[in-house]
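Have a look at the structure below before the remarks.
Every number here is computed from the coordinates shown, using simple stated rules; none is lab data. Everything quoted here is computed from the prediction, not taken from an experiment. Neighbour counts run over all protein chains shown; Cβ positions are idealised from the backbone, glycine included.
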Amino acid sequence: MQALVVGGGIMGLSTAWGLRRMGCGVTVLEQGEIPNLMGSSSDHHRLIRHAYGAELGYTRLVEPAYAAWELLWQTLGVRHYHPTGTLGCNTIIFGRSPIGIGNIMLTGTWGCV
């Protein structure tokens, strides 16, 4: 089977890689160079996290996503992922938004500052 993927961003290239792994011939069409520096996923700052709040569907996808990234790194022969930890902040604490108080989550531990 032959496949045509329109767009060479992260979604298009991931799709093309998956199709190739299934034995398909793939052509990727991209309006610019790959990586396209005008694309939304062209820099080096990406985040993968377990915390998606009430969005349990996303939370369930995190471990399979990590496994897919590991397979990609093995295929490429180089690892482009560097775990750094996550810091998330907001101003809502127990349904209130007090002035000057932020809620901080650092590697899964909640506290107030």
Low-density loop positions, trypsin sites (Lys or Arg not before Pro), segment 19-91 - DSSP coil, at most 13 other Cβ in 10 Å: 46, 49, 79
Under Karplus coefficients 6.51, -1.76 and 1.60, residue-wise ³J(HN,Hα) of segment 9-15 in Hz, glycine/proline x: x, 4, 5, x, 5, 5, 5
Computed lengthening from residue 43 to residue 63, 0.36 nm per intervening residue step minus Cα-Cα distance: 4.9 nm
